[in-house]
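> Would you mind keeping the following structure in view while I ask a few things?
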Amino acid sequence: MSKQKLPKEFPLQEGDKLTPSAKDFLLDRKIPIVADKAVVSNSVQLTIPVGVSNRHAHLSEYHFHLLFGDRASLTVLRSLSQPGQFAAYETVTIVGQKGVLQNVRILGPLRNHTQIEISKTDGFTLGVHPPIRPSGLIEGTPGITIVGPVGSVTIDTGLIIAKNHVHLSKADAKIFDVINGDSLIVKSNKRPVIFHDVTVRVQEEYQLEFHIDMDEANASGVNTGDTVRVIGKNRSLFSTILGDEQDG
């Protein structure tokens, strides 16, 4: 009886699963676990540029004038990636129960409702721990005190940790095969982290960008301008391959 040779690689099709002992057997013998070509062809390598957001303030016109004066107006410091949005020269101080955050940048233009976006780490500094929310959904969120050069205001609600999300134009949405309100699963590269529920926002004028806060950026080792790879959508991975995933 002839001795059977071990394969050079072990192909795994979508839906297949390996037991821990089978996986260990292959890895001990340095037999790579690879995706079947049909599986690879179904998972197009789509990438999205990253935009890292530091703490910032969106102010209503009413609150802006309370803080900066009746004749004040926002001064554009630099344009942001999304059309019509900008970082203003003006900053405010955020005052919490335990501490303050100084030089918090205002983002323009002014909005209908005031909203302050911070990170989880910032919450420890302030002594306030807001929920993770999509931008604009501020009902039931904690308030905070905002201090400007000529006045201060305490809002009852509006302090949030912004939920990560991706902006897509309608053309981008067709390429990614998603609609507004869907979710994507993306993976960072430098320090691999999987973001499993990234909210999809679609508008005609949007520029393609994945928005995360400073805590998420530090954890995944990414900076503005880096890219993440799309590995699934609507809570389902494109591939169920086990073992180390090959980037590229």
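The values are calculated or read from the model by the stated rules, or taken from the named source; none is laboratory data. Here the structure is a predicted model, which means the values were calculated and not measured. Because the Cβ atoms are built from the backbone with ideal geometry, glycine has one as well, and the counts that use them run over all protein chains shown.
> Output the number of residues of the stretch 43-79 satisfying the condition of being within 20 Å of HIS165 (Cα to Cα), modelled with pLDDT of 95 or more and either surrounded by fewer than 17 Cβ atoms within 10 Å (Cβ to Cβ) or among the small types (Gly, Ala, Ser) (or both).
Going through the stretch 43-79, the residues within 20 Å of HIS165 (Cα to Cα) turn out to be 45-58, 79.
If we keep only those that are modelled with pLDDT of 95 or more too, we end up with 47-58, 79.
Subsequent filtering for residues that are either surrounded by fewer than 17 Cβ atoms within 10 Å (Cβ to Cβ) or among the small types (Gly, Ala, Ser) (or both) retains 47, 49, 51, 53-54, 57, 79.
Qualifying residue count, the stretch 43-79: 7.
> If you take the residues of the stretch 191-227 that are farther than 17 Å from SER53 by Cβ and touching a helix residue (DSSP H, G or I) at 6+ places or on another chain (Cβ under 7 Å), which of them is surrounded by the most Cβ atoms within 10 Å (Cβ to Cβ)?
VAL202
> Let me ask something else about it. Within the set of pairs 6 or more residues apart or between chains, which connect a residue that is aromatic (Phe, Trp, Tyr) inside the stretch 112-126 to a residue that is modelled with pLDDT under 95 with Cβ atoms less than 6 Å apart?
none
> Let me ask something else. Against the conditions (1) at pLDDT below 75; (2) assigned to a loop (DSSP other than H, G, I, E, B); (3) of a type in the set (A, V, I, L, M); (4) in contact with an Asp or Glu (Cβ under 7 Å, 6 or more places away or on another chain), where does LEU18 fall short? Just the number, please.
Among (1) at pLDDT below 75; (2) assigned to a loop (DSSP other than H, G, I, E, B); (3) of a type in the set (A, V, I, L, M); (4) in contact with an Asp or Glu (Cβ under 7 Å, 6 or more places away or on another chain), the lone unmet condition for LEU18 is (4).
> How many residues are in contact (Cβ under 8 Å) with a residue 24 or more places away in the chain and part of a strand (DSSP E or B) when one looks only at the stretch 129-161? Don't jump to the end; show me each part of the working.
Of all residues in the stretch 129-161, those in contact (Cβ under 8 Å) with a residue 24 or more places away in the chain come to 130-135, 138, 144-153, 155, 158-161.
Those still in the list that are part of a strand (DSSP E or B) too: 132-133, 144-147, 152-153, 155, 159-161.
Residues that pass the stated criteria total 12.
> Going through ARG78, ARG105 one at a time, which residue ends up being in contact with a His (Cβ under 7 Å, 6 or more places away or on another chain), in a strand (DSSP E or B) and either farther than 17 Å from ILE146 by Cβ or in contact (Cβ under 8 Å) with a residue 24 or more places away in the chain (or both)?
From the options ARG78, ARG105, the qualifying one is ARG105.
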